[in-house]
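> Pasting in a structure now, in structure tokens, and then I'll have a few things to ask.
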Amino acid sequence: MRHVVLLTTGGTIASTTSENGKLVAGELTGEELAELCGLPTDIQVTVRSVLQKPSVHLMPEDWHLLATEIKQAFQSEEVDGVVVTHGTDTLEETAYYVDLTNTDERPVVVTGSQRGPEETGSDAFMNLRHAIYAACEPDLKGTGCVVVFNERIFSARYVKKEHASNIQGFNAFGFGYLGIIDNDVIFTYQKPIRREMYELTEPRFKEIGIAKIYLGMSEKTLRAIIATVDGLVLEAVGRGQVPPQLVAPIEEATLAGKPIILTTSSEEGKVYPTYDYKGSAHHLEQLGVVLGSDYDSKKARVKTLVLTAAKKDVMHGFS
Ligand SMILES: NC(=O)C[C@H](N)C(=O)O
């Protein structure tokens with residue numbers, strides 16, 4: 001019989017409804033969730049309750065706890081794959097951390113739900129069921145971490161929560177989905193051509209921030225942000241431009257040895273040294289800023305946390 005390990009961390013998928021009608025995310029244990037959802041009977045599912053939190057309460061240290069549980073699950077040759085249930089608000093960040101740090105080729109599938117299991121038309125049951133089938137799908141071996149949501153399978157590297165509440169909650173802009181789940185059968189259409197993995201034993205996470213850049217942002221604001229972080233992802237505009245008044249604090253940060261990674265707020269496309277003017281990607285690159293390719297700012301932050309924890313050179317980590 002196929003065997004999946006189910007690791008639960010909380011989120012709406014593990015929520016209950018309080019007396020005032022509001023959802024309390026992360027109330028259900030893994031065992032309670034499994035009991036409520038009626039899991040597939042043709043697959044052995046071992047449940048472990050790892051955390052019971054709304055996903056925005058998680059910290060990078062929780063990622064390491066989860067990664068340790070995943071590693072533990074893969075100690076057994078009998079296990080076909082792992083499912084992680086998670087709140088949707090930060091699901092893409094955790095999924096990408098798992099993608100970068102899990103070195104086993106068996107599937108790790110992250111899922112959640114937009115509606116609580118007690119709500120009408122809840123997506124909790126289908127998403128969990130589909131994730132369990134995906135976790136033992138041989139075609140998904142060597143794919144890295146994937147996210148299963150609303151009958152679709154996404155690569156953790158590009159997936160993003162696209163809707164605050166709709167059950168079609170996730171998308172991968174410009175890349176689409178890797179496959180679908182139709183009547184419990186997995187159809188894999190495409191897979192990433194390479195995987196990037198870092199072995200982290202006892203990671204120490206630095207304070208890496210994100211600054212979203214906008215017209216008229218003041219030097220004072222950016223300087224205040226830079227003062228509080230060890231490194232910063234700049235979510236710049238277009239090909240990677242920032243207003244001219246931000247160049248001075250950025251240059252000070254790179255001179256002080258703080259990694260600054262340049263990304264774009266556009267959903268598709270890369271930062272690139274197209275222009276030659278004050279605050280352009282070309283100018284910033286000359287000041288020691290790292291060009292963050294087509295990374296979304298939150299994914300670039302996760303990657304910077306992993307690179308620094310693995311003591312890798314952030315300068316070359318994005319090329
Ligand atoms: N749909 C969800 O899971 C959202 C929830 N607030 C969370 O824990 O992320």
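> Can you put K299, K161 in order of Cβ neighbours within 10 angstrom, beginning with the fewest?
Starting with the residue having the fewest Cβ neighbours, the order is K161, K299.
> About the Cα centre of the chain, how large is the charge dipole given +1 on each Lys and Arg Cβ and -1 on each Asp and Glu Cβ? Please answer in debye to the nearest 20.
So the dipole magnitude of the chain works out to roughly 1020 debye.
> Go through 75-82, 63-70, 108-115, 271-278 and give me the packing order, highest mean Cβ count within 10 Å leading.
Result, highest mean first: 108-115, 63-70, 75-82, 271-278.
> Still on this structure, I have one more. Could you tell me which of the pairs K22/K53; K141/K299; K161/K298; K278/K299 are separated by over 20 angstrom between their Cα atoms in the structure shown?
K141/K299; K278/K299
> Let me ask something additional. Kindly provide the helix-only [θ] at 222 nm of the chain, computed as the sum of -39,500 (n - 2.57) over DSSP H runs of four or more divided by all residues, to the nearest 500 deg cm²/dmol?
Estimated from H runs of four or more residues: -8000 deg cm²/dmol.
> Same structure again: For a quick check: sort S218, S55, S165 by the number of other beta carbons within 10 angstrom, fewest at the front.
Taking fewest neighbouring Cβ atoms as first place, the list is S165, S218, S55.
> I'd like the FRET efficiency for K206 and V24, computed as 1/(1 + (r/R0)^6) with the beta carbon distance as r and R0 of 30 Å, rounded to 0.05.
Values: r = 32 Å, r/R0 = 1.07.
Calculated value: 0.40.
> While we're here: Compute the distance from the alpha-carbon center of region 139-211 to that of region 283-314, in whole Å.
That distance is 20 Å.
> Compute the acute angle (0 to 90°) between the alpha-carbon long axis of helix 124-135 and the principal axis of greatest extent of the alpha-carbon atoms of the chain; round to the nearest 10°.
Once rounded, the angle reads 80 degrees.
> Calculate how steeply helix 297-309 sits against the longest principal axis of the alpha-carbon atoms of the chain, using the helix alpha-carbon long axis, and give the answer as 0 to 90 degrees to the nearest 10.
For 297-309 against the chain, the angle is about 90 degrees.
> Moving to a separate point now. Based on alpha-carbon positions alone, could you give the equivalent ellipsoid semi-axes of the chain from the gyration tensor, as √(5λ), descending, whole Å? Walk me through the intermediate numbers first.
Working: eigenvalues 265, 81, 65 Å².
Semi-axes (√(5λ), whole Å): 36, 20, 18.
Only the coordinates and a few stated rules stand behind these numbers; no lab work does. Model, not experiment: these values are computed from the prediction. A quick note on method: Cβ atoms are made from the backbone with ideal geometry, for glycine too, and the neighbour counts reach across all protein chains shown.
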